[in-house]
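Trainee: Okay, handing you the structure first.
The values are calculated or read from the model by the stated rules, or taken from the named source; none is laboratory data. The shown structure was predicted, so the numbers you read here are calculated from the model rather than taken from an experiment. Ideal geometry is used to build each Cβ from the backbone, glycine not excepted, and the neighbour counts take in all protein chains shown. For the accessible areas, the whole protein counts, side chains as well, though only heavy atoms, and no ligand, DNA or RNA atoms are used. Shrake-Rupley method; radii C 1.70, N 1.55, O 1.52, S 1.80 Å.
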Amino acid sequence: VPDDLLLGLKFIFGSSTVPALDLVDQRSVTRVTSPSGRTAYQVLGSSGKLYTCYSSCHFCTCPAFGFTVLQKSESLLCKHILAVYLSQAMGACQELTVSEEQLTSILLTEEEDEG
């Protein structure tokens with residue numbers, strides 16, 4: 001990534017930029033697709049926890065997204081969503097095709113973890 005682009009990313013996304021690029025470098029972003037075309041992204045965070053991100057509605061299940069983006073409006077996104085967008089742009093997503101039932105299970109597991 002050219003230096004001027006890195007500076008632009010850092011200016012817009014602040015402290016999330018470098019950790020997000022680290023996640024991309026580590027190939028931590030997986031695009032999960034079902035036969036119907038439903039898609040979600042899973043990002044293996046630096047802590048080893050798996051977070052589910054939805055680029056279509058700009059949402060992540062991590063605590064940082066809930067706190068800094070939704071509650072305090074201090075940031076546009078968390079490092080996991082930025083990693084999803086960057087990996088899409090760079091063609092660096094892992095790909096995983098699952099059944100409709102498996103994708104539903106992934107989504108419900110995240111919902112239970114939050115509740």
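Trainee: Let me spell out the model: positive unit charges on the Cβ of Lys and Arg, negative unit charges on the Cβ of Asp and Glu, origin at the Cα centre of the chain. What dipole size does that give, in debye rounded to 20? Don't jump to the answer; show the numbers that get you there.
Mentor: Numbers: 7 positive and 13 negative charges, 49 e Å.
With Lys and Arg at +1 and Asp and Glu at -1, about 240 debye.
Trainee: Starting from the residue with the highest accessible area, list 80, 58 in decreasing order, probe 1.4 Å. Intermediate values should be presented prior to the final figure.
Mentor: Details: 80 10, 58 65 Å².
In descending accessible area the options line up as 58, 80.
Trainee: Here is a further query. So which trypsin sites (Lys or Arg not before Pro) in the range 1-63 are both in a DSSP loop and have at most 14 other Cβ atoms within 10 Å of their Cβ?
Mentor: On the way: sites: 10, 27, 31, 38, 49; in loops: 27, 38, 49.
Sites meeting the loop and neighbour criteria: 27, 38, 49.
Trainee: Tell me the relative contact order for the range 3-102 as a rounded percent, counting alpha carbon contacts under 8 Å between residues six or more apart.
Mentor: Working: 150 pairs, mean separation 33.5, N = 100.
Taking the mean separation of contacting Cα pairs over the length of the range 3-102, I get 34 percent.
Trainee: For the range 1-105, which GluC sites (Glu not before Pro) are both in a DSSP coil and crowded by at most 10 other Cβ atoms within 10 Å?
Mentor: Numbers: sites: 74, 95, 100, 101; in loops: 74.
Within the range 1-105, the qualifying GluC sites (Glu not before Pro) (loop, at most 10 other Cβ atoms within 10 Å) are 74.
Trainee: Give me the percent relative contact order of the range 1-49, please, defined on Cα pairs under 8 angstrom at least 6 residues apart. If you can, show how the numbers build up before the last one.
Mentor: On the way: 28 pairs, mean separation 11.6, N = 49.
Dividing the mean separation by the residue count of the range 1-49 yields 24 percent.
Trainee: Same structure again: Extent of the chain along each principal axis, from alpha carbon coordinates, in Å, largest to smallest?
Mentor: On the principal axes, the chain reaches 43, 32, 24 Å in Cα extent.
Trainee: Of the residues 29, 18, 43, which exhibits the maximal mean-square fluctuation in a Gaussian network model of the chain defined by a 10 Å Cα contact cut-off?
Mentor: Checking each option, the largest mean-square fluctuation is seen for 18.
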